[in-house]
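Here's the structure we're looking at; comments come further down.
The values are calculated or read from the model by the stated rules, or taken from the named source; none is laboratory data. What you are looking at is a predicted structure, and each value in this text was computed from that prediction instead of being measured. Using ideal geometry, Cβ is built from the backbone for each residue, glycine included, and neighbour counts are taken over all protein chains shown.
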Amino acid sequence: MSDDRHEQAGQERVPGRHRSRFPGISSRAYEHPADRSALVALRKLTGFDTVFKALSGLLPERSLKLLFLSDSVRVSDRQFAHLNDMLRDACYILDLEKVPAMYVTQDPKPNAMCIGLDEPVIVVTTGLVELLDEEEMRAVVGHEVGHALSGHSVYRTVLLFLTSLALKVAWIPLGNVAVMAIVTALREWFRKSELSADRAGLLVGQDLRASMRGLMKIAGGNHLHEMNVDAFLEQAEEYEAGGDLRDSVLKILNVLPRSHPFTTIRAAELKRWAESRDFQRIMDGHYPRREEDKDARVGESFRQSAASYASEVRTSKDPLMKLVSDLAGGAGDLGGRVKRGFNGFAGQPPKDGPAKDAPAGG
């Protein structure tokens, strides 16, 4: 299926480029360790199980599907046939037995999502369809199929509902605090899950340049002739390494309300994974299978997640992460380093004058 382009209007059926297929692949093969860690932390959050079980019976999933049927266009061999081909190819490559329903909805903002409790439903906006070329869109469709294979759609649906609920109960004392705690934890997990789905998109499209182009377009619009992949990735490095501890805090505050990581960060993360031994092993056919999922040890996942975070802290150029790494390595003077890191936070230099390793004036 993935080796042939389906016949299109006015064109003959012609061979497409070969793409590797991954029979029986487990989502563990491409899931980012931080995705699994955040999900474990989410499930341990006080009250989450109660809320989740209650919402599972209350969420109007049938109403949601009827809404898409009545006010969106369902992808099929008769409507948006090229997207239908991509969807079927993505499911074939990742060996997802049941092809999810997919809809195109009118919205100028480029976006895509995978939602649903009983069965996943993929929704893409017209803004996204009009923005991306075929190979870029193929990576996005693979991204959403990756969400479906990982079972992310359930938590995404809960997040959408709770976000709406949080606005409605904002006037209730303490009520909003409990809801927002769960929303914040869900957002943290979902940002990490996006990194996993980006990897799934690369496994489906098998074209890193197309994945990079798609992310650049989402960030800067349909102006590829004005953009450069290397320069775009340099932005991620500058973002991570720039500033002091004040900037590290601001980065955290900036990302908290978001459901997705910043686009430059996603591009840099995906490129690192594409160049890793783990990715090459999958492409060579060596990957965990679904039939082994029941035997997969939770402890091993924890160790992988812990190792991933430790490596991230060690190699990060972010000032806060460097401070954490130095302290873990035995470097002392916590008070002095924090003081220098926040030098000038309130617009005032420290009483003992500017720090030696900071420019005068903060």
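Below, the figures for the structure above:
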| read-out | value |
| --- | --- |
| Total residues in region 100-110, condition buried (at least 16 other Cβ atoms within 10 Å of the Cβ) and either more than 13 Å from residue 73 (Cβ to Cβ) or under 19 Å from the mean Cα position of the chain (by Cα) (or both) | 2 |
| Residue within region 7-18 that is closer than 27 Å to residue 194 by Cβ and modelled with pLDDT of 65 or more present | yes |
